[in-house]
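S.K.: Structure in structure tokens, see below.
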């Protein structure tokens, strides 16, 4: 027993060191920076709430927060809905082609994120394939503007990238559900919708919860897609703001404060989503 514990501790030491020095220490330093202030572009140690006060009270920052939610929420919603549909098909319908489809999904997920962004920019530009086909079919007389440099373009590109991830996460949960449960439910007179709502969705609730949060957080923190596909204005998010503060203006205190305000908003999202899913019966009441 003692040997097993020492072996486990030895194996976990590299991971613990990586977690400590790669995540905990940088996060602690960033949190400390959020209370500093700048003087002639130099960090001055101290303790001030001015950075947090600026983030909370400045109207522009509230606009960034709203934009972040209006991009991250639809991205998470459509990614999870589409992922559930694909995962359900893979788990219960695609018996013969399942392996091939899973390989295709994994390959799609392993593709370059920048490649997805640039591909969508090429497809949806004014002279891109989509607009060319729409005009050739006389659906529109001019290029459709909302397909690029808009909030919709950002959401579409992010859903395109996150859909394989949510599919794999939800599939791992659905594949563990005994196939006989659906048959038993139908034998007892339940409709397909009742079976889905009362059996399948609750059993996959934890996967749906985790996938939704994961995509929401990644989308909210993304700054590449809003810059390349969203432009400025309605697509400016906390992710682009923090990247600008830390990478361009070098205002580390304000950037750090913005990051931790975003973390606090994430905590609110977690509580609201968990409460809503529990109320809807998708999560058990005792889940923590």
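The values are calculated or read from the model by the stated rules, or taken from the named source; none is laboratory data. Since the model is a prediction, treat every value here as computed from it, not as a measurement. Cβ: placed from backbone, ideal geometry, glycine included. Neighbour counts: every protein chain shown.
S.K.: Do we have residue 140 as touching a helix residue (DSSP H, G or I) at 6+ places or on another chain (Cβ under 6 Å), assigned to a loop (DSSP other than H, G, I, E, B) and farther than 21 Å from residue 79 by Cα here?
M.R.: On the way: touching a helix residue (DSSP H, G or I) at 6+ places or on another chain (Cβ under 6 Å): yes; assigned to a loop (DSSP other than H, G, I, E, B): yes; farther than 21 Å from residue 79 by Cα: yes.
Criteria met by residue 140.
S.K.: Restricting to the range 263-288, name every residue that is more than 21 Å from the chain's Cα centre (by Cα) and in contact (Cβ under 8 Å) with a residue 24 or more places away in the chain.
M.R.: Across the range 263-288, the qualifying residues are 281, 284, 287.
S.K.: If you don't mind, another one. Would you point out which residue out of 87, 8, 32 is at pLDDT 90 or above and over 25 Å from residue 260 (Cβ atoms)?
M.R.: Details: 8 fails: at pLDDT 90 or above; 32 fails: over 25 Å from residue 260 (Cβ atoms).
Selected residue: 87, the only one of 87, 8, 32 that is at pLDDT 90 or above and over 25 Å from residue 260 (Cβ atoms).
S.K.: Kindly indicate which of 194, 225 is over 19 Å from residue 89 (Cβ atoms) and surrounded by fewer than 18 Cβ atoms within 10 Å (Cβ to Cβ). Can you show your working first?
M.R.: Details: 225 fails: surrounded by fewer than 18 Cβ atoms within 10 Å (Cβ to Cβ).
The unique qualifying residue is 194.
S.K.: Please work out if residue 260 is in contact (Cβ under 8 Å) with a residue 40 or more places away in the chain and under 24 Å from residue 149 (Cβ atoms). It would help to see each step written out before you state the result.
M.R.: Working: in contact (Cβ under 8 Å) with a residue 40 or more places away in the chain: yes; under 24 Å from residue 149 (Cβ atoms): no.
Considered against the rule, which asks whether it is in contact (Cβ under 8 Å) with a residue 40 or more places away in the chain and under 24 Å from residue 149 (Cβ atoms), residue 260 comes out as no.
S.K.: Give me the helices (runs of 4 or more DSSP H) completely within the range 191-249, filtered to those with at least 2 residues that are over 20 Å from residue 65 (Cα atoms) and over 12 Å from the mean Cα position of the chain (by Cα), ordered by residue number. Lay out the reasoning, then the answer.
M.R.: Values: elements: 192-195, 205-221, 238-247.
The qualifying helices (runs of 4 or more DSSP H) are 192-195, 205-221.
S.K.: Output the helices (runs of 4 or more DSSP H) that fall wholly within the range 78-136 and possess 3 or more residues being in contact (Cβ under 8 Å) with a residue 24 or more places away in the chain and over 30 Å from residue 202 (Cα atoms), or say none.
M.R.: Values: elements: 98-109, 113-124, 129-136.
Answer list for the range 78-136: 113-124.
S.K.: Tally time: how many residues in the range 168-190 are out of contact with any helix residue (DSSP H, G or I) (no Cβ under 6 Å at 6 or more places or on another chain) and in a helix (DSSP H, G or I)? Steps first, please.
M.R.: Here is the first cut: in the range 168-190, the residues out of contact with any helix residue (DSSP H, G or I) (no Cβ under 6 Å at 6 or more places or on another chain) are 168, 172, 176, 178-180, 183-184, 186-190.
Subset that is in a helix (DSSP H, G or I): 168, 172, 180, 183-184, 186-187.
Result for the range 168-190: 7.
S.K.: Now, a different point. Show the residue pairs meeting these rules: Cβ distance below 8 Å; 6+ apart or different chains; first residue within the range 37-50 and at positive phi and in contact (Cβ under 8 Å) with a residue 12 or more places away in the chain; second residue assigned to a loop (DSSP other than H, G, I, E, B) and surrounded by 11 or more Cβ atoms within 10 Å (Cβ to Cβ).
M.R.: Every condition considered, the pairs that remain are 41/250.
S.K.: If you scan the range 272-288, which residues turn out to be at pLDDT 90 or above and either closer than 24 Å to residue 155 by Cβ or buried (at least 16 other Cβ atoms within 10 Å of the Cβ) (or both)?
M.R.: Of everything in the range 272-288, those that are at pLDDT 90 or above and either closer than 24 Å to residue 155 by Cβ or buried (at least 16 other Cβ atoms within 10 Å of the Cβ) (or both) turn out to be 272, 273, 274, 276, 277, 278.
S.K.: Here is a follow-up. If we keep just the residues of the range 28-47 that are surrounded by 14 or more Cβ atoms within 10 Å (Cβ to Cβ) and assigned to a loop (DSSP other than H, G, I, E, B), which is farthest from the chain's Cα centre (by Cα)?
M.R.: Of everything passing the filter in the range 28-47, 36 is farthest from the chain's Cα centre (by Cα).
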